Amino acid sequence: MQDKGEQTTSITTRQKGELLGKQELVSRSVVKNLIRAAIEGMENSYAPYSHFNVGAALLTKNQKIYNGCNIENASYTPTNCAERTALFKAVSEGDRDFAAIAVVGGKDGMLTDYCPPCGVCRQAIREFVDPTTFLVILAKSENDYMLYFLEELLPMGFGPEHM
Ligand code: THU
């Protein structure tokens, strides 16, 4: 059993790099590019109700980047998260092989904290990726980020192979 202190240490150790060794498609410079693209994506965020702006940038295995923003709606439930905007853009353009996604977000676009993807987005991404290698990058800036494999954020997720 890990205590809380050990868990914190292990996350901090992984902030930069360790997981990248296991993901040959995603170098540190690619991570920075993705974070920059996510921040650019956030510029188009339409969030007049929550004022919580989010941007995401999805990397294909061919090193193509699709970014996206959250798009809110006056009737609330049709709201689309930034991650799914990026995912649906990519899939609708014929891309289905993905290596990583970077996510940034905060109230009024201030990146004071990490913005973890919601459960619906984790599941939407799960459909198209290998959760043991797909990287989720949570960033506050190009130099301040945390890395996770999708399987850590969505353990035992339901995927196409279960159908
Ligand atoms: N949001 C995202 O775009 N991605 C997330 O992972 C978390 C939440 C958006 C949805 C809504 O527009 C706003 O953030 C507040 O929930």
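Here are some notes:
- Accessible surface, per residue, of region 44-163 when the full set of protein chains is kept, probe 1.4 Å, Å²: 49 Å²
- Solvent-accessible area assigned to carbon and sulfur over region 83-163 amounts to 55 percent, based on a 1.4 Å probe.
- In order along region 148-163, phi translates into HN-Hα couplings of 9, 7, 4, 4, 6, 8, 9, x, 6, x, 8, x, x, 5, 8, 8 Hz, rounded to whole numbers, per the Karplus curve 6.51 cos²θ - 1.76 cosθ + 1.60 with θ = phi - 60° and x for Gly and Pro.
- At R0 = 45 Å, FRET efficiency that the Cβ-Cβ distance of Asn143 and Ser50 yields, to 0.05: 0.95
- Here the simple spin-label model places points 7 Å from the Cα toward Cβ, and for Glu151 and Arg96 these points are separated by 2.2 nm.
- Pairwise centroid distance, computed over Cα atoms, of region 42-77 with region 98-124, Å: 9 Å
- Once backbone amide H atoms are built at 1.01 Å from N, Asn70 has Tyr46, Val54, Ala82 as its partners under 5 Å, excluding neighbours fewer than 5 places away on the same chain.
- Shape of region 71-123, Cα gyration tensor, a/c cut at 1.5: oblate
- When you restrict to C-alpha pairs under 8 Å that are six or more residues apart and normalise by the size of region 11-163, the relative contact order lands at 23 percent.
- Here's how it looks for Cys115: its modeled amide H is under 5 Å from those of Gly105, Ala139, which are all 5 or more places away or on a different chain.
- Computed from phi, the 3J(HN,Hα) profile of region 127-138 under the Karplus parametrisation 6.51, -1.76, 1.60 (θ = phi - 60°) reads 4, 10, 10, 8, x, 7, 10, 5, 9, 10, 10, 9 Hz, with x in place of Gly and Pro.
- Under a 5 Å amide H cut-off, with hydrogens placed 1.01 Å from N, Lys61 pairs with Asp97, Phe98, Ala99 among residues at least 5 apart or on other chains.
- Pairs of Cα atoms farther than 23 Å apart, the chain, %: 35 percent
- Integer Hz, Karplus 6.51/-1.76/1.60 couplings in order for region 26-38, x for Gly and Pro: 10, 8, 4, 5, 5, 4, 4, 4, 5, 5, 4, 5, 5
The values are calculated or read from the model by the stated rules, or taken from the named source; none is laboratory data. These numbers were taken from a predicted model, which means no experiment stands behind them. Here the Cβ is made from the backbone with ideal geometry for all residues, glycine too, and neighbour counts use every protein chain on show. Please note that ligands, DNA and RNA were not included when accessible areas were found on the heavy atoms of the full protein model with its side chains. Shrake-Rupley method; radii C 1.70, N 1.55, O 1.52, S 1.80 Å.
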